[in-house]
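Student: I have a structure I would like to understand better, so I am pasting it below and will then ask my questions one at a time.
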Amino acid sequence: MILRAALLLALLAACTSGTEREPAAARSDPGGPIKPTPYVEEAYKRFLNKRDPMIFVMSEDGKAVFYKFCRSSGDCDEVRARADALSGCEDKARGVPCRIYYQAPKGVVWDGPPVLGLDTPAPPE
């Protein structure tokens, strides 16, 4: 019975959140703007296309993400979604800090270095 309950909880969590980690690739310059990998950029597009996107969290190196969305209006707890998204991202980020990039209803709330390729244009060369 406990195993069935654990499996059901895991299935429900998979239906309401997304987590991704870009395979090993070149790191963004630690002192400069963050350039999310194409993998993370696609995750952001998928997140924005969800019916009720809630929160999108990204690692400071632009490689790991975790997001939460509501399956139906009114059934999502914003405080829990925030905690789950931050925890989920940090689990995938392998020691790299994570920050909230997007939080409904505010939109983009990122308070870190510029992020290129999502909402921030690349600087002129």
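Please treat every number below as a calculation from the coordinates, not as lab data. Just so it is clear, the model here is predicted, and its values are computed rather than measured. Backbone-built Cβ (ideal geometry, glycine too); neighbour counts: all protein chains shown.
Student: Around Ile100, what is the net charge, scoring Lys/Arg as +1 and Asp/Glu as -1 over all other residues with Cβ under 9 Å from its Cβ?
Tutor: +1
Student: Also: Going highest first, how would you order 40-47, 91-98, 60-67, 107-114 by mean Cβ packing within 10 Å?
Tutor: Ranked from most to least packed, the peptides come out as 60-67, 40-47, 91-98, 107-114.
Student: Under a crude label model (7 Å from the Cα following the beta-carbon direction), how far is Asp91 from Ser72 in nanometres?
Tutor: In this crude label model, Asp91 to Ser72 measures out at 2.6 nm.
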